[in-house]
1. What number of residues in region 12-69 are among the β-branched types (Val, Ile, Thr), over 22 Å from Ala123 (Cβ atoms) and not in a helix (DSSP H, G or I)?
2. Working only within region 58-69, note down all residues that are modelled with pLDDT of 95 or more and surrounded by fewer than 20 Cβ atoms within 10 Å (Cβ to Cβ).
3. Can you report the number of residues in region 70-83 which are within 14 Å of Ala123 (Cα to Cα) and over 23 Å from the mean Cα position of the chain (by Cα)?
4. List pairs: first in region 1-29 and assigned by TED's automatic domain parsing to the domain that holds Leu59, second surrounded by fewer than 13 Cβ atoms within 10 Å (Cβ to Cβ) and not in a loop (DSSP other than H, G, I, E, B), Cβ under 6 Å, 6+ apart or cross-chain?
5. Can you say whether Glu129 is assigned by TED's automatic domain parsing to the domain that holds Arg7, in a helix (DSSP H, G or I), among the acidic types (Asp, Glu) and at pLDDT below 85, as far as the supplied structure shows?
6. Please go through region 1-11 and pick out each residue that is within 18 Å of Ser101 (Cβ to Cβ), not hydroxyl-bearing (Ser, Thr, Tyr) and not in a loop (DSSP other than H, G, I, E, B).
7. Looking only at region 70-122, filter to residues that are at pLDDT 90 or above and part of a loop (DSSP other than H, G, I, E, B); which one of those is surrounded by the fewest Cβ atoms within 10 Å (Cβ to Cβ)?
8. Which count do you get for residues in region 17-37 that are over 20 Å from Asp66 (Cα atoms), small (Gly, Ala, Ser) and crowded, with 17+ Cβ neighbours inside 10 Å?
Amino acid sequence: MILGYARVSSKDQNEDRQIEKFKNIGIEERYIFLDKAIGANFDRPKYQLMKEFIRSGDLIYMDSLDRLGRTYDGIIREWKYITRELDADIIILENESLFDSRKFKEMGDLGKLMEDQFLSLLAYVAEVERKKIKQRQREGIDIAKLKGKRFGRPQIEVPGNFNEVYQEWRAGKIKAVEAMKILNLKKSTFYKLINQRNKTEGNKNMLWNSTSTRLE
């Protein structure tokens with residue numbers, strides 16, 4: 001059976017180019033396995049499913065070796081597991097003339113030695129590229145921070161009349177539903193602001209009690 005394995009690092013990346021290559025080869029869509037996950041992690045759901053699906057004699061196509069993964073040890077481990085333990089074969093389209101595990105098997109022990117050498121070299125290149133990508137990401141984040149860009153979830157904007165409504169709600173003059181309506185806040189946002197307020201007041205009380213103790 002002929003299978004195809006495609007991978008993109010994130011949900012916003014496009015996998016169409018890889019899928020189209022597999023279809024042009026004649027791989028049925030139901031036998032194409034796609035993951036949207038980073039290459040350092042091999043516990044990808046569709047990749048693990050594909051490994052369970054593989055039988056001796058199957059042929060697996062990948063666009064490039066880094067689609068299998070981006071860590072040196074992981075690439076070598078998974079390649080050998082598929083080609084030697086499961087007795088299937090892998091073809092890397094980007095290096096098809098070089099990387100077709102069937103050719104190495106035909107050469108016997110010499111082929112195994114050559115396969116190990118080529119695999120080590122390309123796995124090393126894939127890992128180095130991963131490290132470069134991570135370095136560029138860190139540099140980009142550092143530059144953005146210097147320019148004042150904030151990362152993570154935006155802070156909740158506190159309505160101007162929050163304190164007034166909060167005091168009325170705390171005194172029992174209005175119910176929480178009414179307070180949310182006045183402030184035009186969702187339930188989750190309202191209680192987040194309440195928790196923030198309670199933490200702030202708690203910290204002030206701790207500071208006051210500590211100061212009072214020292215003065216006594």
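1. Initially, region 12-69 is screened for residues among the β-branched types (Val, Ile, Thr), giving 19, 25, 27, 32, 38, 54, 60.
Adding the requirement that they be over 22 Å from Ala123 (Cβ atoms) leaves 19, 25, 27, 32.
Next, only the ones that are not in a helix (DSSP H, G or I) stay: 27, 32.
Residues in region 12-69 being among the β-branched types (Val, Ile, Thr), over 22 Å from Ala123 (Cβ atoms) and not in a helix (DSSP H, G or I): 2 in total.
2. Asp58, Leu59
3. Going through region 70-83 one residue at a time, the tally reaches 1.
4. The qualifying pairs do not exist here.
5. Spelling it out, Glu129 is indeed assigned by TED's automatic domain parsing to the domain that holds Arg7, in a helix (DSSP H, G or I), among the acidic types (Asp, Glu) and at pLDDT below 85.
6. Ile2, Leu3, Gly4
7. Checking each candidate, the answer is Asp87.
8. Total satisfying the criteria: 0.
The values are calculated or read from the model by the stated rules, or taken from the named source; none is laboratory data. Treat the numbers as computed from the prediction; the structure is a model and nothing was measured. All Cβ positions, even for glycine, are placed from backbone atoms using ideal geometry, and neighbour counts span all protein chains on display.
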